[in-house]
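The values are calculated or read from the model by the stated rules, or taken from the named source; none is laboratory data. Please read all numbers here as calculations on a predicted model, not as lab measurements. Quick reminder, even Gly has a Cβ in these numbers, built from the backbone with ideal geometry, and neighbours come from all protein chains shown. Side chains included, ligands, DNA and RNA excluded: accessible areas come from the protein's heavy atoms. Shrake-Rupley method; radii C 1.70, N 1.55, O 1.52, S 1.80 Å.
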Amino acid sequence: MSTSDHKFEGWLGLDPSAAEGKMQWGEFEPKPWEETDVDIKVTHCGICGSDLHTLRSGWGPTRYPCVVGHEIVGTVVRVGSKAEGGLKVGDRVGVGAQSDSCLGRKGDCEMCATEQENYCPAQTGTYNSVYLNGGKSYGGYALYNRTPSHFVVKIPDAISSAHAAPMLCAGVTTYSPLKHHGVGPGKTVGIIGLGGLGHFGVMWAKALKADKVVVISRTSGKKDDALKLGADDFIATAEDPEWAKKHASTLDVILCTVSSSSMPLMDYLSLLRFDGTFVQLGAPDDGLPSIQQFPLILKRLKITGSLIGSPNELKEMLQLAVDQNVRPWVDEIPMKDANRAIVEMEAGKPRYRYVLTNESRGTTQLKAGL
Ligand SMILES: NC(=O)c1ccc[n+]([C@@H]2O[C@H](COP(=O)([O-])OP(=O)(O)OC[C@H]3O[C@@H](n4cnc5c(N)ncnc54)[C@H](O)[C@@H]3O)[C@@H](O)[C@H]2O)c1
Ligand SMILES: [Zn+2]
């Protein structure tokens, strides 16, 4: 099919019940085409925790109909005459959680000028967002995707599409803060929550040669996995009341990927050494627990956050994955089973990322499978 004269098809969330596995297959109107755009035949799309927050309007009202999915890999089928990056029809490419920014079109933008496009105030999310030309953004639980070329990255030959997909959000969201906060030799790192983001956090911290990586989880159910992923130690907070005391002041940098507000934040902070940094990545629907001042004051602690990664960081991370042989643990699930997959994601089943796949499935088969 030519993508120029068709609507696209995908899994539409129509109201918050979509997050309970009630997405419906249907047509949507991609953004109006611009010559800087690329159309991609989606072969793979990872399922990120953010897809669930958005489907259920957890972060405020979602712009339904909404097609989620921002760990997209596929094949280029159409390239605009002004596309960047030497992209060609047939290239294997990826799109992460950001699909546009002002790129200077709105005047001076310090973030775009310094290649930190992910912090551009006018950034467009890959779904549930609006482009500067007024079109809505739709994600990768679909057959096709249209994205401005600046936010389309080539996938290195050495990385399979199923492995590349989760790197584009979960991967870069953990890689970027580890790099930014100087994780490497001499640093000890804690990763709270072993899910899609968390399992990448462990692997990147090891690939960056951190001295020690500790996983902090509620139970010891994932301990063996954590050690296989490269972790040096594991803390099960629900199984040892003394955990915070035993491990006090041992970590330099903590990434917190927990997506619910019921977390012992002050105990987590007590694990940091003097001058340590706590990076919140998880984005609970109902915010974070309150913070007491003295632990911060007494150890000069820093609490910060981090948002996905820039196009340059995506490229850097893919290269690190090639050089250090970092690959996520994925389960491939046919696109037709997306509703089942998101219900299982909500229940915490993936070990550690589900990737929806359209490979060798046409529209007819998808419809037949509904
Ligand atoms: N900051 C960003 O740029 C960014 C990017 C992507 C995702 N996110 C957010 O990160 C969060 C995690 O996303 P994900 O895709 O890794 O989800 P996930 O479900 O794969 O992983 C979350 C993990 O946290 C664990 N967990 C939940 N509560 C916990 C607790 N109290 N203690 C310890 N572990 C706990 C869960 O069991 C699960 O393993 C979501 O809120 C998502 O929206 C943020
Ligand atoms: Zn994501």
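Could you say whether any residue in region 106-114 is modelled with pLDDT of 95 or more and open to solvent by less than 10 Å² (accessible area, probe 1.4 Å)?
No: zero hits.
Of the residues 343, 355, which is assigned by TED's automatic domain parsing to the domain that holds residue 92, within 26 Å of residue 258 (Cα to Cα), surrounded by fewer than 18 Cβ atoms within 10 Å (Cβ to Cβ) and modelled with pLDDT of 95 or more?
On the way: 355 fails: surrounded by fewer than 18 Cβ atoms within 10 Å (Cβ to Cβ).
From the options 343, 355, the qualifying one is 343.
Every residue in region 29-50 that is touching a residue at least 60 places away in the same chain (Cβ under 8 Å) and open to solvent by 10 Å² or more (accessible area, probe 1.4 Å), please. Show your work before the answer.
Taking region 29-50 and keeping what is touching a residue at least 60 places away in the same chain (Cβ under 8 Å), we get 29-34, 36-50.
29, 30, 32, 33, 34, 36, 41, 43, 49, 50, listed by residue number.
Please work out which one of (1) open to solvent by 30 Å² or more (accessible area, probe 1.4 Å); (2) within 10 Å of ligand 1 (Cβ to nearest atom) is the condition residue 300 fails and give its number.
(2)
Please enumerate the residues belonging to region 68-87 that are in contact with a Lys or Arg (Cβ under 8 Å, 6 or more places away or on another chain) and assigned to a strand (DSSP E or B).
Passing the criteria: 73, 74, 75, 76, 77, 79.
Of these, 249, 176, 160, 220, which one is surrounded by fewer than 18 Cβ atoms within 10 Å (Cβ to Cβ) and within 19 Å of the chain's Cα centre (by Cα)? It would help to see each step written out before you state the result.
Working: 249 fails: within 19 Å of the chain's Cα centre (by Cα); 176 fails: surrounded by fewer than 18 Cβ atoms within 10 Å (Cβ to Cβ); 220 fails: within 19 Å of the chain's Cα centre (by Cα).
Of 249, 176, 160, 220, the one residue that is surrounded by fewer than 18 Cβ atoms within 10 Å (Cβ to Cβ) and within 19 Å of the chain's Cα centre (by Cα) is 160.
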